[in-house]
């Protein structure tokens, strides 16, 4: 029989995940110096999937209920592959701090999907919180307009919002259908499944054959590659296992509250990297945090 986790464990996991994911935005930014958004996303997922491949094979051989496999693959797509593409594409045009701030909408997306799709019960405070969070997101999208080069569309700032919807769906799927499944089983299978899509893309797009010439021409190649490797190992492989465990011992909405602290870490990195934050950025995040507080209010 599995022992009951310590009451402090959810908060410890929350703090560790905040530090890791808050730093992931600056790592994506470093990777994009050399690589395209699709390459960064593909490398991030593929490296993680290869690392977890032995665990995925073992999980598949020992899995009694094969009907869970589609849910594992959905978690891989919604919790990793699609958001990775959306965030890296957006960060080509908006700064890393804005991406992290928009990521704060995850608890609100989790609640909305939980209510309308998974029939989760809600209260008046949570409903008000969703509306307030939406206003905060509008403020951040408006703030991002000043970061985008002339001739480019400000719709790039909406890509992280779509990513939070994917995260919200993923959290609800785990909370509803995979509550008793070990987190390593879920994430190793999910990431390895996505690697089967991304690895052929990297091969067919000529990434591996072009890597050496790019390394010779780009002095930042080493830093960019190490940033993506760090992002894969810590920001994807390890953190996803921790996040899945957090959902299992708490709730999807509590777990998604990791976005309380992610913007703080990301904004600190952004300021150290010389990113400019306007008053509208701070107004937007304060409004979103107010909304998240109400969403999590029992």
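State the number of residues belonging to the stretch 42-61 that are over 18 Å from residue 238 (Cβ atoms) and crowded, with 22+ Cβ neighbours inside 10 Å.
Here the count works out to 1.
Modelled with pLDDT of 85 or more and either farther than 19 Å from residue 25 by Cα or in a helix (DSSP H, G or I) (or both): is that true of residue 294 in this structure?
Details: modelled with pLDDT of 85 or more: no; either farther than 19 Å from residue 25 by Cα or in a helix (DSSP H, G or I) (or both): yes.
It is false that residue 294 is modelled with pLDDT of 85 or more and either farther than 19 Å from residue 25 by Cα or in a helix (DSSP H, G or I) (or both).
Hey, which of the helices (runs of 4 or more DSSP H) in the stretch 98-194, taking only ones fully inside, have at least 1 residues that are more than 20 Å from residue 248 (Cβ to Cβ), touching a helix residue (DSSP H, G or I) at 6+ places or on another chain (Cβ under 7 Å) and modelled with pLDDT under 85? Walk me through how you get there before you give the answer.
On the way: elements: 106-116, 124-144, 159-177.
Of the helices (runs of 4 or more DSSP H) lying wholly inside the stretch 98-194, those with at least 1 residues that are more than 20 Å from residue 248 (Cβ to Cβ), touching a helix residue (DSSP H, G or I) at 6+ places or on another chain (Cβ under 7 Å) and modelled with pLDDT under 85 span 106-116, 124-144.
Determine which member of the set 271, 199, 280 is in contact with a helix residue (DSSP H, G or I) (Cβ under 6 Å, 6 or more places away or on another chain), at pLDDT below 85, more than 19 Å from residue 15 (Cα to Cα) and in a helix (DSSP H, G or I). Break it down stepwise before answering.
Working: 271 fails: in contact with a helix residue (DSSP H, G or I) (Cβ under 6 Å, 6 or more places away or on another chain); 199 fails: at pLDDT below 85.
None of the others qualify; the one that does is 280.
Which is modelled with pLDDT of 95 or more and closer than 26 Å to residue 77 by Cβ, of 42, 59?
Going through 42, 59 in turn, the sole match is 42.
Looking at (1) surrounded by fewer than 23 Cβ atoms within 10 Å (Cβ to Cβ); (2) over 16 Å from the mean Cα position of the chain (by Cα); (3) over 30 Å from residue 62 (Cα atoms), which is the one condition that is false for residue 140?
(1)
Can you tell me how many residues in the stretch 209-243 are more than 26 Å from the chain's Cα centre (by Cα) and either in contact (Cβ under 8 Å) with a residue 12 or more places away in the chain or part of a helix (DSSP H, G or I) (or both)? Steps first, answer last, please.
Going through the stretch 209-243, the residues more than 26 Å from the chain's Cα centre (by Cα) turn out to be 209-219.
Filter once more, so that each one left must be either in contact (Cβ under 8 Å) with a residue 12 or more places away in the chain or part of a helix (DSSP H, G or I) (or both): 209-218.
Matching residues across the stretch 209-243 total 10.
Need pairs with beta-carbon distance below 7 Å; first residue within 16 Å of residue 65 (Cβ to Cβ) and within the stretch 183-203, second surrounded by fewer than 17 Cβ atoms within 10 Å (Cβ to Cβ) and at pLDDT below 90; sequence gap 6+ or separate chains.
Short answer, once both residue conditions are applied: 189/60.
From the list 83, 107, 70, pick out the single residue that is surrounded by fewer than 19 Cβ atoms within 10 Å (Cβ to Cβ) and closer than 21 Å to residue 175 by Cα.
Values: 83 fails: surrounded by fewer than 19 Cβ atoms within 10 Å (Cβ to Cβ); 107 fails: surrounded by fewer than 19 Cβ atoms within 10 Å (Cβ to Cβ).
Checking each option against the conditions leaves just 70.
Looking at (1) more than 24 Å from residue 245 (Cα to Cα); (2) crowded, with 16+ Cβ neighbours inside 10 Å, find the lone condition where residue 17 falls short.
Unmet condition: (1).
The values are calculated or read from the model by the stated rules, or taken from the named source; none is laboratory data. The model shown is predicted, which means the values in this text are computed figures rather than measured ones. Note that we place each Cβ from the backbone using ideal geometry, even for glycine, and neighbour counts take in every protein chain shown.
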